[in-house]
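Please read the structure below before turning to the comments.
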Amino acid sequence: MATASPNILIVEDDRETRTLIAKYLRTNACNVTTANDGREMARAMADHRVDLLILDVMLPGEDGLSLCRKVRAESQIPIIMLTARGEDVDRILGLEMGADDYLAKPFNPRELLARINAVLRRQAAAQTVSTSNGATALTFLGWRIDFRLRELRDPAGARVAMTSAEFDLLRTFCERPGRVLSRDSLLDLTNGRSAGSFERSIDVLVSRIRRKIETDPQDATMIKTVRSGGYLFTPTVDAVTTPASG
């Protein structure tokens, strides 16, 4: 768990489930706010700083997948989806909408807490590594990935919305250009294993990143697929450092 208590927003319409999760997280040093639906979620996010969003798929009114897509278009807040369905296709759909992780009901609250901690650790580790290496950003083909702001900007300077998992994976590619990286190693390098991810989720994330940075995602030139190997990031990458003030 991070030193500062994280602010968690739970959006769940089942009162028993909502109360159970909130109680467990509060006893484990989390600040918790709850919401019953999308409207309450919007009010809570306007009133409080939210470090991580726990979002149920089946909600009254607008469903969780739609809400996830809307949040992701405006923010990189980590999102963990909850659902009664546990098939791989549903997990992938949740990831496609921008979720960072996916947990099927019924689940052990300890597993949820472990996944929350893993996502938050991944963010903190990425920021720490970037700072210790001295680089505050990397650039490739006019694109800029900023470690301090955790944002990606296109060659025109426009911010490109990314999930926390997408950002971490693209950062991993940028820090290792010209190297074939297996799905297995990518899971390790992005701490995906501790979040309960599976190799197929790497393919989903790569597909999402390609749609954002490639001219033709179907004929990718920046993130190339290596048969029986994994992926290769082809652009030349330059480091950007910001001199200390003073």
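At-a-glance table
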read-out: Added length on full extension, which subtracts the Cα-Cα distance from 0.36 nm per residue, residue 47 to residue 26; value: 5.6 nm
read-out: Heavy-atom accessible area per residue - segment 133-241, 1.4 Å, Å²; value: 46
read-out: Accessible area per residue in Å² at 1.4 Å probe, computed on segment 7-127; value: 47
read-out: Prolate/oblate/rounded call for segment 7-127, Cα gyration tensor, a/c under 1.5 rounded; value: rounded
read-out: Segment 48-58 - phi-based ³J(HN,Hα) in whole Hz, Karplus 6.51/-1.76/1.60, Gly and Pro as x; value: 10, 6, 10, 8, 7, 10, 9, 10, 6, 6, 8
read-out: List 175, 16, ordered by accessible area with a 1.4 Å probe, largest first; value: 16, 175
read-out: Potential extension, residue 104-residue 161 segment - 0.36 nm per residue separation minus Cα distance; value: 17.9 nm
read-out: Carbon + sulfur, % of accessible area of segment 30-102 - ligands and nucleic acids excluded, 1.4 Å; value: 49
read-out: Reach of residue 224 by Cα under 30 Å, taken over lysines that are not fewer than 8 positions away in the same chain; value: 70, 212
read-out: Share of carbon and sulfur in the accessible heavy-atom surface of segment 133-241 [1.4 Å probe, %]; value: 46
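The values are calculated or read from the model by the stated rules, or taken from the named source; none is laboratory data. Just so we're clear, the structure is a prediction, and the values are computed from it rather than from any experiment. For the accessible areas, the whole protein counts, side chains as well, though only heavy atoms, and no ligand, DNA or RNA atoms are used. Shrake-Rupley method; radii C 1.70, N 1.55, O 1.52, S 1.80 Å.
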